[in-house]
Amino acid sequence: MSATIIDGKAAAAALRERIRLQTEGFVARAGRKPGLAVVLVGEDPASSVYVRSKGKATIAAGMASFEHKLPIDVSQDELIALVDSLNADEAVDGILVQLPLPKHIDEQAVTTRIDPDKDVDGFHPVNAGRLATGLNGFVPCTPYGCIMLLKEQLGDLTGLDAVVIGRSNIVGKPMAQLLLKESCTVTVAHSRTRDLASVVHRADIVVAAVGVPHMVKGEWIKPGATVIDVGINRTEDGLVGDVDFAGAASVAGAITPVPGGVGPMTIAVLLRNTLISAHRRAGVAYDKDAL
Ligand SMILES: Nc1nc2c(c(=O)[nH]1)N[C@@H](CN(C=O)c1ccc(C(=O)N[C@@H](CCC(=O)O)C(=O)O)cc1)CN2
Ligand SMILES: [Mg+2]
C-alpha cells in the first residue's frame with residue numbers, strides 16, 4: 001500500500017472543536033444557544049444511531065438539541081405540521097428530517113416544506129439553486145465534508161480533473177457543483193456511463209457515491225490520484241465502501257477509508273451549518289475561515 005490514508009475522524013474532531021469555540025462566542029453575543037431540531041420517523045437501527053450521534057454532537061458543541069421521534073405510521077400531514085411548528089420556532093436555527101422516510105411519505109413534500117433558511121441539510125431546491133448560482137445558502141453536509149477533506153489533502157484544487165460517480169440530489173449533484181466552484185474540470189459519471197474505467201482513469205480526484213460495494217477497481221485509478229469513497233454499504237464482510245480499498249490504495253496518492261473517512265464529516269458539517277444559520281438569523285458575523 002502506498003496511498004496516504006485520509007483520517008476523516010480526526011478532521012471531523014478538529015472541525016467540531018473549532019465549532020465549539022465559535023459557539024461559545026455566539027452564545028456570549030446573542031444570549032442564546034444555536035438550536036438544531038432533528039426529526040426521526042420510525043426505528044430504523046442505522047437512522048436511530050445517526051440521530052443519537054447528532055444529538056450528542058450538538059450538545060457537545062454547546063448547542064441546544066431538539067429531538068422529535070414519531071411513530072412509523074405517522075401521517076404525512078402530521079409530519080408536515082411538525083415541520084411547520086419548527087419553522088415558526090425562534091429557538092430552532094436548523095431543521096433536519098432523517099432520511100430515508102417510510103414509503104407512505106413523500107420525501108420531497110417534507111424536505112420542500114422546511115424553511116430554506118433553516119435547511120441545514122441543504123436538500124431544499126432553493127438551496128440547490130443557490131449552490132448552482134453562487135448564492136449563499138446551505139450546502140449538503142456529506143459533499144461539503146468531501147471538499148474539506150480534499151482541500152486539506154491537496155490545497156488548491158484549481159484545474160484538477162475530477163470525476164464524480166453518482167448523480168443523486170444529496171451527494172453526486174452538489175458534489176459536482178462544489179468541485180466546479182473550486183475550478184476543477186468536472187465529469188459526472190453514472191450507471192449509464194460508457195467505459196467508466198477509462199473515465200475514472202483520467203481523474204486526479206475520484207469521488208465514488210453509487211452505493212455499490214467495491215464497484216470502483218484499483219486498476220481504474222490513475223497513479224497518485226486522490227480517492228474519496230462516500231459509500232457506506234453493510235455487507236457480510238461488515239461496512240465497506242464503493243471503492244475496492246486494497247486495490248485502490250496500492251495506486252492512489254491518498255484515499256478515504258470506510259469507516260472513518262467521509263462519514264464522520266457529515267455530522268461535523270451539520271453542526272457547522274447550524275452555527276452559520278444561528279449567526280445569520282441573529283445578524284451576528286462569524287469567522288468563515290475557521291469553519
Ligand atoms: N437528513 C439526512 N438523512 C441522511 C443523511 C443526511 O446527511 N441527512 N446522511 C445519511 C446518514 N448520516 C447522517 O444522517 C450519516 C451516515 C454515516 C455517518 C458516519 O459517521 N459513518 C461512519 C460509520 C458509522 C456506521 O458504522 O454506520 C463512517 O463512515 O465512518 C454519519 C452520518 C443518510 N441519511
Ligand atoms: Mg418514501
Completion exercise
Surrounding charge for Asp77, neighbours by C-beta under 12 angstrom, Lys/Arg +1, Asp/Glu -1, total -2
Exercise for the section: Compute the Cα gyration tensor for the stretch 29-116, then decide on rounded, prolate or oblate, letting a ≥ b ≥ c be the square roots of its eigenvalues: rounded whenever a/c is under 1.5, prolate when a/b is larger than b/c in the other cases, and oblate in all that remain. Expected result: oblate
Completion exercise
Sites removed, the longest contiguous part of the chain containing no DSSP-loop GluC sites (Glu not before Pro) with at most 10 other Cβ within 10 Å is 91-235
Exercise for the section: Pick out, in residue order, every one of the trypsin sites (Lys or Arg not before Pro) in the stretch 170-230 that is DSSP loop and has at most 15 other C-beta atoms within 10 Å; say none if there are none. Expected result: Arg192, Arg194, Arg202, Lys217
Handout entry: Helix 45-60 vs. the chain, principal-axis angle (Cα, 0 to 90°, nearest 10)
Key = 70 degrees
Completion exercise
FRET efficiency (Ala109, His201; Cβ distance; R0 41 Å; to 0.05) is 0.50
Handout entry: Overall form of the stretch 141-263 per C-alpha gyration tensor (a/c, 1.5; a/b vs b/c)
Key = rounded
Handout entry: Fully extended contour minus Cα-Cα distance, from Arg20 to Thr185, at 0.36 nm per residue
Key = 55.9 nm
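Rounded to the nearest 5, what % of DSSP beta bridges with both residues in the chain are antiparallel?
Roughly 10 percent of the beta bridges in the chain run antiparallel, per DSSP.
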Exercise for the section: Between Arg29, Arg281, Arg18, find the one with the highest GNM mean-square fluctuation for the chain; connect C-alpha pairs within less than 10 Å. Expected result: Arg29
Practice task
Compute the long axis of helix 8-30 from its Cα atoms, compare it with the longest principal axis of the Cα atoms of the chain, and write down the angle in degrees, 0 to 90, nearest 10.
Solution key: 30 degrees
Practice task
For every helix of n ≥ 4 consecutive DSSP H residues, a contribution of -39,500 (n - 2.57) applies; sum these over the chain, divide by its total residues, and give [θ] at 222 nm rounded to the nearest 500 deg cm²/dmol.
Solution key: -13000 deg cm²/dmol
Practice task
Return one number: the angle in degrees, 0 to 90 and rounded to the nearest 10, between the long axis of the Cα atoms of helix 76-88 and the longest principal axis of the Cα atoms of the chain.
Solution key: 70 degrees
Problem - Residue with peak Gaussian network fluctuation, the chain [Cα springs, cutoff 10 Å], from Leu149, Leu270, Leu239 - result: Leu239
Exercise for the section: Give, as a single signed number, the net charge of other residues whose beta carbon lies under 12 Å from the beta carbon of Ala197, with Lys and Arg counted +1 and Asp and Glu -1. Expected result: +2
Handout entry: For the chain, built as a Gaussian network whose Cα springs stay under 10 Å, the top-fluctuating residue of Pro102, Pro140, Pro45
Key = Pro45
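Apply the a/c threshold of 1.5 to the C-alpha gyration tensor of the chain and tell me whether it is rounded, prolate or oblate.
Working: a/c = 1.81, a/b = 1.48, b/c = 1.22.
Prolate, because a/c is 1.5 or more and a/b exceeds b/c.
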Handout entry: Mean separation of Cα contacts under 8 Å, 6 or more apart, over the residue count of the stretch 211-256: relative contact order %
Key = 51 percent
Practice task
Could you work out the local net charge near Val240, counting Lys and Arg as +1, Asp and Glu as -1, over the other residues with Cβ closer than 12 Å to its Cβ?
Solution key: -4
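A short reminder: the numbers here are calculations on the coordinates, not readings from a lab. Keep in mind that what you see is a predicted model, and the values were worked out from it rather than measured. In this analysis, Cβ positions are derived from the backbone assuming ideal geometry, glycine residues included, and neighbour counts consider all displayed protein chains.
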